[in-house]
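Asks: Handing you a structure now.
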Amino acid sequence: MEFDYQAKNQEGTLVEGRVEAPSEDQAVSILHRKGLIILSLGSSVKPLFSMDLMAIFNRPNRKDIVMFTRQLATLVDADVPVVEGLHALAEQIEKPPFKKIVSTIANSIEGGASLSLSLAEHEKIFGSFYISLIRSGEVSGKLHATLLYLADYLEQSAALNSKIKGAMTYPIFVVCAIVLVSIIMMTTVLPNLLVILKDSGATDLPLTTRILMAATDFVNNYLWYLVVGLLALAIGITYYVRSVTGRAMWDKFKLRIPQFGKIIRNFYIARLGEALSTLIKSGVPILDGLGITSEVVNNDTYKGIILEARTNVQNGGTISEVFQKYKEFPPLVTSMLSIGERTGRTDTMLDNVTKFYKSETENSVQNLTTLIEPVLILFLGLAVGILVAAILLPIYNTISTSG
């Protein structure tokens, strides 16, 4: 938040300005630390329809957070005060919205707040997992080690996400290209070729040719209706998926997709295991750790199961008792977790689960990428074959008959 103030400095000179702080109390603390005597302080009023477009299109991404975390860890290790280090990082940050966030965090700490509490004011940027680990690092006095771990964790998580997205980019690009080329063919090339067959008066055309002629006529007569309809459908699906009911259905559907569903399941299990293990080792209470993990996993299906496990633990039960009731967790996960709970080494077993399913996810993605290429080539060859059979062969037969 921003606050406008009027104050007097130590020389008695009237000064006016604006200060950023999470709350009015902290704004007062910041101004007092600067040696100012406050005369008036009020929230900065913004125009009703003001919108910071720069903040929308230039938001900090995962790479920005990783760089910020690693640089802050270096400054903390060099015994640079956190406030001084944050101000130094803010000067180096190129994105204005992120620069503003880091400056606000530094001002909040100057006002007496802790680093974790200041970060909590920007939970949408940093996330509950990040903030909880910072809080545990502050309590244990291991802030430097915690920051280094967070940077590594974010980098590894981003790398795995990138591999999965990379595996999907190629087939999506090819499919979109095929659709675009098909539309261009149906609106420019095929009508000129099909007119030959129509003018010839041929009646014994193959089924593929008749289907292609009907599809071409439909696209040319209703192209704009088709485009508008597809856009409306895409927008409708997007809004539905963002709703509570739609998100729950989409998250469940992702786990049921043939081949891809298993990869997605392994990815979520690896993320769950790593998050919960890290929180336990950092001294976060198990109930709090399960609550944070339910948000970190970012899937409503797994979130519901984890929260059910949290309730079961709160009532004296175990996590594995709940997990084994759901097919979203393979027997290997529940058996290893059960052993860890009985031996008091839950974090160690979760580490083993994380390593195994991370490896499974990476191998599956690599194998899927290798398999997709020949399948797409086969699909393209089949499409060309159908096109030849539907157009060129009937034209050839018509010309041969008339000759």
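The values are calculated or read from the model by the stated rules, or taken from the named source; none is laboratory data. Worth saying up front: this structure is predicted, and the values here are computed from it rather than measured. Positions of Cβ are backbone-derived with ideal geometry, glycine not excepted, and every protein chain shown enters the neighbour counts.
To keep it simple, each residue is scored yes or no on (1) out of contact with any Phe, Trp or Tyr (no Cβ under 8 Å at 6 or more places or on another chain); (2) basic (Lys, Arg); (3) surrounded by 13 or more Cβ atoms within 10 Å (Cβ to Cβ).
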| site | (1), (2), (3) |
| --- | --- |
| 160 | no, no, yes |
| 167 | yes, no, yes |
| 170 | yes, no, yes |
| 175 | yes, no, no |
| 182 | yes, no, yes |
| 185 | yes, no, yes |
| 191 | yes, no, yes |
| 194 | yes, no, yes |
| 207 | yes, no, no |
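Asks: Moving to a separate point now. Are any residues in segment 333-380 among the β-branched types (Val, Ile, Thr) and touching a helix residue (DSSP H, G or I) at 6+ places or on another chain (Cβ under 7 Å), and if so, which ones? Reasoning before the result, please.
Replies: From segment 333-380, those among the β-branched types (Val, Ile, Thr) are 333-334, 339, 343, 346, 348, 353-354, 361, 365, 369-370, 372, 375, 377; that's our starting set.
Matches in segment 333-380: 333, 334, 339, 346, 348, 353, 354, 361, 365, 369, 372.
Asks: Does residue 357 satisfy being at negative phi, of a type in the set (Phe, Trp, Tyr) and free of Cβ contacts under 8 Å to residues at least 40 places away in the same chain?
Replies: Spelling it out, it is not the case that residue 357 is at negative phi, of a type in the set (Phe, Trp, Tyr) and free of Cβ contacts under 8 Å to residues at least 40 places away in the same chain.
Asks: For segment 321-336, enumerate the residues that are in contact (Cβ under 8 Å) with a residue 40 or more places away in the chain and among the charged types (D, E, K, R).
Replies: 328
Asks: Is at least one residue of segment 158-177 farther than 21 Å from residue 254 by Cβ, at pLDDT 80 or above and part of a helix (DSSP H, G or I)? If you could, list the steps in order and put the result at the bottom.
Replies: So in segment 158-177, the residues farther than 21 Å from residue 254 by Cβ come out as 174, 177.
Among the residues that remain, those that are also at pLDDT 80 or above are: 177.
If we keep only those that are part of a helix (DSSP H, G or I) as well, we get 177.
Checking segment 158-177: at least one residue is farther than 21 Å from residue 254 by Cβ, at pLDDT 80 or above and part of a helix (DSSP H, G or I).
Okay, residues lined up against (1) in contact with a Gly (Cβ under 9 Å, 6 or more places away or on another chain); (2) farther than 20 Å from residue 156 by Cα:
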| position | (1), (2) |
| --- | --- |
| 248 | yes, yes |
| 254 | yes, yes |
| 257 | no, yes |
| 260 | no, yes |
| 266 | no, no |
| 269 | no, no |
| 273 | no, no |
| 276 | yes, no |
| 282 | yes, no |
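Asks: Name, by its number, the condition in (1) surrounded by fewer than 22 Cβ atoms within 10 Å (Cβ to Cβ); (2) closer than 30 Å to residue 145 by Cα; (3) in contact with a Leu (Cβ under 8 Å, 6 or more places away or on another chain); (4) at pLDDT 85 or above that does not hold for residue 266.
Replies: Here residue 266 meets the rest and fails (3).
Asks: Further question: Check segment 60-77 and report whether any residue there is part of a loop (DSSP other than H, G, I, E, B), of a type in the set (A, V, I, L, M) and either in contact with a Gly (Cβ under 6 Å, 6 or more places away or on another chain) or surrounded by 17 or more Cβ atoms within 10 Å (Cβ to Cβ) (or both).
Replies: Scanning segment 60-77 turns up no residue that is part of a loop (DSSP other than H, G, I, E, B), of a type in the set (A, V, I, L, M) and either in contact with a Gly (Cβ under 6 Å, 6 or more places away or on another chain) or surrounded by 17 or more Cβ atoms within 10 Å (Cβ to Cβ) (or both).
Yes or no, residue by residue, for (1) small (Gly, Ala, Ser); (2) more than 30 Å from residue 367 (Cβ to Cβ):
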site: 175; (1), (2): no, no
site: 180; (1), (2): no, no
site: 184; (1), (2): no, yes
site: 188; (1), (2): no, yes
site: 199; (1), (2): no, yes
site: 234; (1), (2): yes, yes
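Asks: Being part of a helix (DSSP H, G or I) and surrounded by 16 or more Cβ atoms within 10 Å (Cβ to Cβ) is the filter here, so list the residues in segment 196-205 that pass it. Quick ask: steps written out before the conclusion?
Replies: The first filter runs over segment 196-205 and keeps only residues part of a helix (DSSP H, G or I), leaving 196-200.
Within segment 196-205, 197, 200 qualify.
Asks: What's the total number of residues in segment 204-256 that are under 30 Å from residue 266 (Cα atoms) and of a type in the set (D, E, K, R)?
Replies: Matching residues across segment 204-256 total 6.
Asks: Continuing with this model, one more query. Modelled with pLDDT of 85 or more and either in a helix (DSSP H, G or I) or buried (at least 19 other Cβ atoms within 10 Å of the Cβ) (or both): does that describe residue 113? Quick ask: steps written out before the conclusion?
Replies: Working: modelled with pLDDT of 85 or more: no; either in a helix (DSSP H, G or I) or buried (at least 19 other Cβ atoms within 10 Å of the Cβ) (or both): yes.
No; evaluated as a whole, the condition is false for this residue.
Asks: Something else now. So, in segment 114-149, how many residues would count as being under 17 Å from the mean Cα position of the chain (by Cα) and either within 22 Å of residue 351 (Cα to Cα) or among the acidic types (Asp, Glu) (or both)?
Replies: 5
Asks: Name the helices (runs of 4 or more DSSP H) wholly within segment 218-335 that hold at least 1 residues that are of a type in the set (Lys, Arg) and over 23 Å from the mean Cα position of the chain (by Cα)?
Replies: Details: elements: 244-254, 260-281, 286-296, 300-314, 319-323.
Where helices (runs of 4 or more DSSP H) fall fully within segment 218-335 and carry at least 1 residues being of a type in the set (Lys, Arg) and over 23 Å from the mean Cα position of the chain (by Cα), they are 260-281, 300-314.
Asks: Another question, if that's okay. Give just the number: which of (1) under 23 Å from residue 311 (Cβ atoms); (2) at pLDDT 85 or above does residue 256 not satisfy?
Replies: Residue 256 satisfies all of (1) under 23 Å from residue 311 (Cβ atoms); (2) at pLDDT 85 or above except (1).
Asks: Checking the condition of a type in the set (Val, Ile, Thr) and surrounded by 13 or more Cβ atoms within 10 Å (Cβ to Cβ), which residue from 241, 228 passes?
Replies: Numbers: 228 fails: surrounded by 13 or more Cβ atoms within 10 Å (Cβ to Cβ).
Of 241, 228, the one residue that is of a type in the set (Val, Ile, Thr) and surrounded by 13 or more Cβ atoms within 10 Å (Cβ to Cβ) is 241.
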